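All remarks here apply to the structure that follows.
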Amino acid sequence: MPKLKTKSGAKKRFKFTATGKVKSGVAGKRHRLISHKSKYIRQNRGTKVMADADAKKIKSYMPYA
């Protein structure tokens with residue numbers, strides 16, 4: 001069988017936790033922040049763990065991770 005390729009966009013955007021869950025950055029933090037509430041900006045700081053349905057698809061993009 002040939003080797004499977006990893007999706008380049010996925011390897012740049014996602015990391016895996018020690019238990020195998022998928023981490024990603026939070027959306028909506030790049031620009032137009034003046035129109036967002038400070039609570040919104042504060043809560044979206046850092047990273048989040050993806051939902052199981054999304055994580056399943058992302059894991060198929062990264063077969064060797």
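The values are calculated or read from the model by the stated rules, or taken from the named source; none is laboratory data. Values in this document were obtained by computation on a predicted structure and should not be read as measured data. Backbone-built Cβ (ideal geometry, glycine too); neighbour counts: all protein chains shown. Remember, those area values only see protein heavy atoms, side chains included, never the ligands or the DNA or RNA. Shrake-Rupley method; radii C 1.70, N 1.55, O 1.52, S 1.80 Å.
Loop-resident trypsin sites (Lys or Arg not before Pro) (DSSP state other than H, G, I, E or B) in the range 13-65 with no more than 16 further Cβ atoms inside 10 Å of their Cβ: Lys21, Lys29, Arg30, Arg32, Lys37, Arg45. Close amide H partners of His36, meaning residues 5 or more places away or on another chain with modelled amide H under 5 Å apart, do not exist here. Per-residue ellipticity at 222 nm computed for the chain from its helices equals -8500 deg cm²/dmol, with DSSP H segments shorter than 4 residues left out and the rest contributing -39,500 (n - 2.57). Calculate what fraction, in whole %, of the accessible area of the chain sits on carbon and sulfur atoms when a 1.4 Å probe is rolled over the protein chains. Here it works out to 55 percent.
Each Lys or Arg adds one and each Asp or Glu takes one away; over the other residues whose Cβ falls under 10 Å from the Cβ of Phe16, this sums to +4. Just checking the listed ones, Ala55, Ala27, Ala18: in the Gaussian network model of the chain with Cα springs under 10 Å, the one fluctuating most is Ala18.
Could you sort out which of Lys3/Lys59; Lys12/Lys48; Lys21/Lys56; Lys12/Lys37; Lys7/Lys48 sit more than 18 Å apart by Cα distance in this structure?
On the way: Lys3/Lys59 16 Å; Lys12/Lys48 15 Å; Lys21/Lys56 10 Å; Lys12/Lys37 29 Å; Lys7/Lys48 21 Å.
Too far apart for the 18 Å limit: Lys12/Lys37; Lys7/Lys48.
Between Asp52 and Met1, what FRET efficiency comes out of the Förster formula 1/(1 + (r/R0)^6) with R0 = 35 Å and r the beta carbon distance, rounded to 0.05? With R0 = 35 Å, the Cβ-Cβ based efficiency is 0.80. The gain in end-to-end length when the His31 to Met62 segment is fully stretched comes to 8.3 nm, 0.36 nm per residue minus the alpha carbon separation. Using a probe of 1.4 angstrom and keeping all protein chains present, the accessible surface of the chain works out to 90 square angstrom per residue. Volume of the convex hull of the chain (Cα atoms only), normalised per residue: 101 Å³.
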